[in-house]
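K.L.:
Have a look at this one before I ask anything.
The values are calculated or read from the model by the stated rules, or taken from the named source; none is laboratory data. Worth saying up front: this structure is predicted, and the values here are computed from it rather than measured. Note that we place each Cβ from the backbone using ideal geometry, even for glycine, and neighbour counts take in every protein chain shown.
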Amino acid sequence: MFTLDGKTAIITGASSGIGRAIAELFARQGAKLVLNARRAELLDDIMADIRDAGGTAISVPGCLTGEDVSRQLVEAALDHFGKLDIAVNNAGMVGESVSIPDMATDDWHEMIETNLTSAFFGAKYQLPAMLANGAGSLILTSSFVGYSVGMPGMGAYAASKAGMIGLMKSLAAEYGPQGIRVNALLPGGTDTPASITNKPGAGPEVEQFVNSLHALKRMAKPSEMAQAALFLASDAASFVTGVPFLADGGVSINRT
């Protein structure tokens, strides 16, 4: 049920953290991968690991704030593997915590373009390829921030991630009749290189605070987010669409 044998998947933000874990798991489940991140050398590392383990992966490095790279990713999937079944639009940024009155306009635009506009570009090119294939699973990596929880200093991030959920719902309603499922994955705090707990100067009290936000009283491993993405991508979720899929360790319900 969770196998991806014979399927082709695009994964953005695949060089580290959640994206890398998704790529590794999808490869183990049989998917042929087209990977994207800005840093080509890190993509080379993960592709080598996937190929050494018997998987299949190619890469299209580049920044997704312009639409050319999103188009190239789909072209690569079609040219190398003949179709596109799955797209995980995972690339994004968190940025620094800053109040809206103190935020530079350029920083606002960077957040919206990196998180929300890149998801638009991804869908713009991925959906026609999935329509030609007769089915597909399109996943946007959003966040509980701006959906179930408001956090001070996170206004731009919250707006970008909430926008992705609105985009997801519209696409799910529009393309469901054509067999395309569209969902959003909403991770909780995850122990990745980009996590606040791994920033320079972050002491044990930062990790304790982040852990305390979750009902499970811990952060997630990237592999746990990958398992949630696998469910949404696989035929096990054949009747799941239009869902903000919370894999947040209980942040949304925690009051202790």
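K.L.:
For residues that are in contact (Cβ under 8 Å) with a residue 60 or more places away in the chain and assigned to a helix (DSSP H, G or I), scanning just region 73-120, find the one that is nearest to L140 (Cα to Cα).
P.N.:
Once the filter is applied, the top-ranked residue is S118.
K.L.:
Still on this model: Within the bounds of region 140-156, is there any residue that is part of a helix (DSSP H, G or I) and out of contact with any Asp or Glu (no Cβ under 8 Å at 6 or more places or on another chain)? Don't jump to the end; show me each part of the working.
P.N.:
Here is the first cut: in region 140-156, the residues part of a helix (DSSP H, G or I) are 155-156.
Checking which are out of contact with any Asp or Glu (no Cβ under 8 Å at 6 or more places or on another chain) leaves us with 155.
Scanning region 140-156, I find at least one residue that is part of a helix (DSSP H, G or I) and out of contact with any Asp or Glu (no Cβ under 8 Å at 6 or more places or on another chain), so the answer is yes.
K.L.:
Also, quick follow-up: Show the residue pairs meeting these rules: Cβ distance below 7 Å; 6+ apart or different chains; first residue within region 217-228 and at positive phi; second residue in a helix (DSSP H, G or I) and not charged (D, E, K, R).
P.N.:
Close Cβ pairs satisfying both conditions: K217/N211.
K.L.:
Looking at region 164-195, which of the residues that are in a strand (DSSP E or B) and not β-branched (V, I, T) is farthest from the chain's Cα centre (by Cα)?
P.N.:
Quick first cut of region 164-195, residues in a strand (DSSP E or B) only: 180-187, 190.
Still in the running and not β-branched (V, I, T): 181, 183-187.
Values: R181: 15, N183: 11, A184: 8, L185: 7, L186: 9, P187: 9 Å.
Across region 164-195, the extreme among qualifying residues is R181.
K.L.:
Answer yes if at least one residue in region 156-176 is modelled with pLDDT of 95 or more, over 23 Å from V240 (Cα atoms) and touching a strand residue (DSSP E or B) at 6+ places or on another chain (Cβ under 8 Å), and no otherwise.
P.N.:
There is at least one residue in region 156-176 that is modelled with pLDDT of 95 or more, over 23 Å from V240 (Cα atoms) and touching a strand residue (DSSP E or B) at 6+ places or on another chain (Cβ under 8 Å).
K.L.:
Based on what the data block shows, is G150 at positive phi and without any contact (Cβ under 8 Å) to a residue 60 or more places away in the chain? Quick ask: steps written out before the conclusion?
P.N.:
Numbers: at positive phi: no; without any contact (Cβ under 8 Å) to a residue 60 or more places away in the chain: yes.
Here the answer is no, as G150 does not meet what is asked.
K.L.:
Among (1) more than 23 Å from A9 (Cβ to Cβ); (2) basic (K, R); (3) in contact with a strand residue (DSSP E or B) (Cβ under 7 Å, 6 or more places away or on another chain), where does K199 come up short?
P.N.:
Result: K199 passes all but (3).
K.L.:
Still on this structure, please answer the following. Within region 74-94, track down each residue that is small (G, A, S) and more than 16 Å from the chain's Cα centre (by Cα). Give the steps one after another, and end with the answer.
P.N.:
Our first condition is that a residue be small (G, A, S); within region 74-94, this holds for 76-77, 82, 87, 91-92.
Selection gives A76, A77, G82.
K.L.:
Right, something else. Given D85, D79, D107, which one is charged (D, E, K, R), within 23 Å of I46 (Cα to Cα) and either at pLDDT below 95 or surrounded by fewer than 19 Cβ atoms within 10 Å (Cβ to Cβ) (or both)?
P.N.:
Values: D85 fails: either at pLDDT below 95 or surrounded by fewer than 19 Cβ atoms within 10 Å (Cβ to Cβ) (or both); D107 fails: within 23 Å of I46 (Cα to Cα).
After applying the criteria, what remains is D79.
K.L.:
Could you please give the count of residues in region 54-88 that are touching a helix residue (DSSP H, G or I) at 6+ places or on another chain (Cβ under 7 Å), over 16 Å from G6 (Cα atoms) and not polar (S, T, N, Q)?
P.N.:
Residues flagged as touching a helix residue (DSSP H, G or I) at 6+ places or on another chain (Cβ under 7 Å), over 16 Å from G6 (Cα atoms) and not polar (S, T, N, Q) within region 54-88 amount to 9.
K.L.:
Give the residue, chosen from G19, G13, G54, that is small (G, A, S), at positive phi and in contact with a Gly (Cβ under 8 Å, 6 or more places away or on another chain).
P.N.:
Numbers: G19 fails: at positive phi; G54 fails: in contact with a Gly (Cβ under 8 Å, 6 or more places away or on another chain).
The conditions single out G13.
K.L.:
With the requirement that a residue be surrounded by 14 or more Cβ atoms within 10 Å (Cβ to Cβ) and either out of contact with any Gly (no Cβ under 9 Å at 6 or more places or on another chain) or in a helix (DSSP H, G or I) (or both), what does region 203-222 give you?
P.N.:
Within region 203-222, V206, E207, V210, N211, L213, K221, P222 qualify.
K.L.:
Also, I was wondering about something else. Between residues in region 47-60 that are in contact (Cβ under 8 Å) with a residue 24 or more places away in the chain and residues that are surrounded by fewer than 16 Cβ atoms within 10 Å (Cβ to Cβ) and aliphatic (A, V, I, L, M), which pairs lie under 9 Å by C-beta distance while being six or more apart or on different chains?
P.N.:
Note: pairs meeting the criteria are S59/A40.
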